[in-house]
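Computed from the coordinates by the stated procedures, all read-outs in this text should not be read as laboratory data. Source: prediction; values computed, not measured. Quick reminder, even Gly has a Cβ in these numbers, built from the backbone with ideal geometry, and neighbours come from all protein chains shown.
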Amino acid sequence: MIRKLIPIALPVLALVGGAFGGDMLRAPADTGDAHAPAGDTHDAPAKDDHAKDDHAKADSHAEAPSGHGGDDGHGSADADGWFTFPTQFFVPLVRQGDMGDLMIITLTLQTDGASIEAMRKKEHALRDALLRQLLIHANTGGFDGNFTADRNLVDLRLDLQKAAAGVTDLPIKAVLIEDIARQQG
């Protein structure tokens with residue numbers, strides 16, 4: 001009888017043990033102040049100066065669109081904003097008619113805080129211009145050799161910034177390369 005139950009009980013115990021282990025290893029959710037009860041993070045007294053600064057910054061950003069508030073005198077238009085493309089850029093490296101490798105790149109554009117929503121609306125035009133520039137960079141040998149050398153990445157960032165600025169009148173302060181990898185084809 002026990003011989004018949006072991007093959008059934010063993011996978012069930014393994015499933016329960018795996019679920020429990022996964023739950024124990026999961027990172028705790030960030031709720032703001034770790035000492036405050038859930039749902040009451042804003043009104044809890046700050047434990048140190050850093051928490052007070054975080055609450056003050058959150059309050060100034062929440063009131064900034066109405067034009068009132070903010071202790072530093074900067075509205076949301078002066079604050080930096082970041083637009084990260086939701087998908088990566090895939091750039092084929094073609095040599096003598098054959099696709100050898102593939103570059104996978106994640107880009108973020110630095111702008112002012114007020115331009116983020118307008119940049120989302122221009123995402124397709126920006127993506128086209130940046131991909132076109134990445135293809136030019138690939139076809140001229142920009143991803144050959146040590147493509148992660150600082151001088152090479154500075155040139156690539158500047159070219160990408162010019163390409164993005166050419167399709168929009170929104171302020172683009174910088175192009176950040178979040179991830180870059182070369183995959184063997």
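Observations on the structure shown:
- Amide hydrogen proximity for Phe85: with H placed 1.01 Å from N in the peptide plane, the residues at 5 or more positions away or on another chain lying under 5 Å are Leu107, Leu109.
- If you plug the beta carbon distance of Arg95 and Asp179 into 1/(1 + (r/R0)^6) with R0 = 22 Å, you get a FRET efficiency near 0.40.
- Cα convex hull of segment 77-185 - mean projected area over all directions, nm²: 6.8 nm²
- Taking 7 Å steps out from each Cα toward its Cβ at Phe85 and Ile6 produces label points 5.7 nm apart.
- Take the Cα of Arg120, step 7 Å toward its Cβ, do the same at Leu135, and the gap between the two points is 2.8 nm.
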